[in-house]
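Down below is the structure, laid out as structure tokens.
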Protein chains: 2
Amino acid sequence: MQLSCPSPILQHETVQMAHGAGGRLSQELTARVFMPHLNNPVLDQLDDQARFDAEPGRIAFTTDTYVVTPVFFPGGNIGDLAVNGTVNDLAVGGAMPRYLSAGFVLEEGLPLVDLERIVRSMAEAARKSGVVIACGDTKVVQKGQCDRIFINTSGVGFIPPGRDVSCRNLLSGDAVLLSGTIGDHGMAILTTREGLSFQSRIQSDSAALNGMIADVLQAAPNLHAMRDPTRGGVAATLNELAASSSVGIELDEGALPVREEVRGAAELLGIDPLTVANEGKVLLVVPAAEADAALVVLRAHEHGSEAAIIGEVVDEHPGMVVIRTSLGSRRILDMPLGEQLPRIC
Amino acid sequence: MQLSCPSPILQHETVQMAHGAGGRLSQELTARVFMPHLNNPVLDQLDDQARFDAEPGRIAFTTDTYVVTPVFFPGGNIGDLAVNGTVNDLAVGGAMPRYLSAGFVLEEGLPLVDLERIVRSMAEAARKSGVVIACGDTKVVQKGQCDRIFINTSGVGFIPPGRDVSCRNLLSGDAVLLSGTIGDHGMAILTTREGLSFQSRIQSDSAALNGMIADVLQAAPNLHAMRDPTRGGVAATLNELAASSSVGIELDEGALPVREEVRGAAELLGIDPLTVANEGKVLLVVPAAEADAALVVLRAHEHGSEAAIIGEVVDEHPGMVVIRTSLGSRRILDMPLGEQLPRIC
């Protein structure tokens, strides 16, 4: 049997320890599962490092490890999430995302069909957002020493000369915009995990926003800051923005876009959607004079059709976020303390 | 009790799920454990992405995830290993390593003193090699869903204009140099795991080689290729070099530097030191005319004192590595098939 089998990997349907050992089985995993989907002129060099030319402006560099469970969820999987998340982390700094690395930790026994499905999703997400997977690494750990698959994506992009988008740039009077509904990603994960099948219409919003953001920067060239409200949700992100710029932020509760099914599931589970992770949304802080122009561009985009102006930057209560409720009262939107939703991304 | 405690983290001596949630406890972990050691002007921006200026030449970009067990081993720990390994992956491409990312996956319950010890080692290794930890990310998974700590480091460096160091550059007649003894890292890990205490003199060779490599490039400006022989050891790396350049490589077995205690432990465990991982060694392929100059520079350096010319590039048997044994016979040094030493890095 073995003699008639030209390639050892063909004997395996699951990840083996040897696939991470840097020997022939590692090469064959690369050749069979990774390269057919991820091949491109940079990665194909297969040196110890990718090489490419700089573009004008400054370099942006970011990293994120994805440990989401379940690995496959309504609206995506860990693969496209890992690409979109890092693309967005570059884009919200005003950078044009260009090159991503992919570092895999695989659990012995992971079905190769699952790995291939994930890698294919990464390749598709990379193509959609116009980035290149430039380098990679694969480690395998024994069964029980990680949970199926963890993926680190780091990213390199270029910030055009003269562009200054930063969380320290907020000014009193700025408008705060949100590109769409909140809590979709986190509630999709959570309702899947909890087996709340009647909520199954909730889909993750996982998406790369660099195309939309590039268009907004044309329409609102003096845009001050952007952040993607992932872990900790809109609540954590706005608190960080307020603290970084020593300004206050006031939100209109009635202006916050929330899907009915997300609101329902959140109530059922006792969770505030404002603290729930998003993976295809961006918060934008724009001078009031450019707010309407930014909103028009957002709404014209597939990922921004439900965009809204949700609040404003104020001089009062620096470092704090305050919500004006629909009943006319005001409450503080705190930085979430800790973990309501583990392994959401 | 709780009221008298100003900071929630002070109640914890181990990693909590909430430390990875993107909320206040995440901020406090960053403030207490990460920033005191890793702070620098780039990281201190704490935006979603680091920003820095390009240097002349091409950009080099690499990634590696470290899952070594045990986390602390003779001669180092996962922290300095993660910095040195990625620094070396850039340096062997002829790049000057500059910026590293650090992506942590932490197991709930990891003692914070262990995490801090690892982070301190990363900071020291970064200082020694002259790189900056530019951005980071921390995820926490439940107890039993990873093994203590995994660290991804990705790195960005710059390749000076006109420099071309690549595994596709080998030419017949080139000399093959090795910067020191083989198998030290892998055997240090393995003897520790196997409890072979009489072998305890074996220390990992974990070290950043960018300084030494920069000096060699001065003395041997036409150097063709470099690789650090990590997973799969010298055997895997030389096979990759031979295959990439479609040349043969011949080694002198008698010229291979191996410590006595490594040779002894390897024999005891039935392992060929040529297949064992190194973390502070580099293979260099240099035109014969520059070989002696390169050797002199290597030997003058603390990490190259036992450097040797171990073989040569030949036209014969392209893609294959052949060893001339001390008895005058010849044998093929194969690409290792798979895993003898899991989780070595």
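Just for region B:59-93: of the residues that are of a type outside the set (Val, Ile, Thr), in a loop (DSSP other than H, G, I, E, B) and within 14 Å of the chain's Cα centre (by Cα), which one is nearest to B:GLU261 (Cα to Cα)?
Residues of region B:59-93 of a type outside the set (Val, Ile, Thr): B:60-61, B:64, B:66, B:70, B:72-77, B:79-82, B:84-85, B:88-91, B:93.
Now narrow it down to the ones that are in a loop (DSSP other than H, G, I, E, B): B:70, B:74-75, B:93.
Subsequent filtering for residues that are within 14 Å of the chain's Cα centre (by Cα) retains B:75, B:93.
Numbers: B:GLY75: 15, B:GLY93: 32 Å.
Residue satisfying both the conditions and the ranking: B:GLY75.
Report whether or not B:GLY93 is in contact with a Pro (Cβ under 9 Å, 6 or more places away or on another chain) and either crowded, with 24+ Cβ neighbours inside 10 Å or at pLDDT below 95 (or both).
Numbers: in contact with a Pro (Cβ under 9 Å, 6 or more places away or on another chain): no; either crowded, with 24+ Cβ neighbours inside 10 Å or at pLDDT below 95 (or both): yes.
Answer is no for this residue.
Return only the number of the condition from (1) assigned by TED's automatic domain parsing to the domain that holds A:LEU81; (2) among the basic types (Lys, Arg); (3) within 15 Å of the chain's Cα centre (by Cα) that A:LYS139 does not satisfy.
Against the list (1) assigned by TED's automatic domain parsing to the domain that holds A:LEU81; (2) among the basic types (Lys, Arg); (3) within 15 Å of the chain's Cα centre (by Cα), A:LYS139 comes up short only on (3).
Which numbered condition trips up B:HIS303, out of (1) within 14 Å of chain A (Cβ to nearest Cβ); (2) under 29 Å from B:THR69 (Cβ atoms)?
Unmet for B:HIS303, out of (1) within 14 Å of chain A (Cβ to nearest Cβ); (2) under 29 Å from B:THR69 (Cβ atoms): (1).
With the condition kept exactly as written, say whether any residue in region B:133-154 is closer than 28 Å to B:PRO41 by Cβ and basic (Lys, Arg).
Within region B:133-154 (the criterion being closer than 28 Å to B:PRO41 by Cβ and basic (Lys, Arg)), the answer is yes, since at least one residue qualifies.
Could you check region A:327-345 and list, in sequence order, the residues that are modelled with pLDDT of 85 or more and either more than 26 Å from A:GLY254 (Cα to Cα) or assigned to a loop (DSSP other than H, G, I, E, B) (or both)? Show your work before the answer.
Within region A:327-345, the subset modelled with pLDDT of 85 or more is A:327-336, A:343-345.
If the condition is that a residue be modelled with pLDDT of 85 or more and either more than 26 Å from A:GLY254 (Cα to Cα) or assigned to a loop (DSSP other than H, G, I, E, B) (or both), then A:LEU327, A:GLY328, A:SER329, A:LEU333, A:ASP334, A:MET335, A:PRO336, A:ARG343, A:ILE344, A:CYS345 are the ones that fit.
Looking at region A:48-66, I want the residues that are at the interface with chain B (Cβ under 7 Å from one of its Cβ atoms) and have a partner that is of a type in the set (D, E, K, R) and outside any strand (DSSP E or B) with Cβ atoms under 8 Å, at least 6 apart or on another chain. Which pairs are those?
Every condition considered, the pairs that remain are A:ASP48/B:ASP89; A:ASP48/B:ASP228; A:GLN49/B:ASP89; A:THR62/A:ASP89; A:THR62/B:ASP48; A:ASP64/A:ASP89.
When you scan region A:29-55, how many residues do you find that are buried (at least 19 other Cβ atoms within 10 Å of the Cβ) and either assigned to a loop (DSSP other than H, G, I, E, B) or acidic (Asp, Glu) (or both)?
Adding up the residues that qualify gives 3.
Restricting attention to region A:181-195, does a residue exist that is surrounded by fewer than 20 Cβ atoms within 10 Å (Cβ to Cβ), facing chain B (nearest Cβ under 10 Å) and either over 19 Å from the mean Cα position of the chain (by Cα) or at negative phi (or both)?
no
Say we look at region B:70-87 and pick out the residues that are within 12 Å of chain A (Cβ to nearest Cβ) and out of contact with any helix residue (DSSP H, G or I) (no Cβ under 7 Å at 6 or more places or on another chain); which of these is farthest from A:SER101 (Cα to Cα)?
B:GLY85
Checking A:GLY304 against (1) crowded, with 23+ Cβ neighbours inside 10 Å; (2) at positive phi, which test does it fail?
So A:GLY304 meets the others, but not (2).
Anything in region A:112-143 that is free of Cβ contacts under 8 Å to residues at least 12 places away in the same chain and within 14 Å of chain B (Cβ to nearest Cβ)? List them, or say none.
Filtering region A:112-143 for residues free of Cβ contacts under 8 Å to residues at least 12 places away in the same chain gives A:127.
Those that are free of Cβ contacts under 8 Å to residues at least 12 places away in the same chain and within 14 Å of chain B (Cβ to nearest Cβ): none in region A:112-143.
The values are calculated or read from the model by the stated rules, or taken from the named source; none is laboratory data. All values derive from a computational prediction rather than experimental measurement. When we count neighbours, we look across all protein chains shown, and the Cβ atoms used for this are built from the backbone with ideal geometry, even at glycine.
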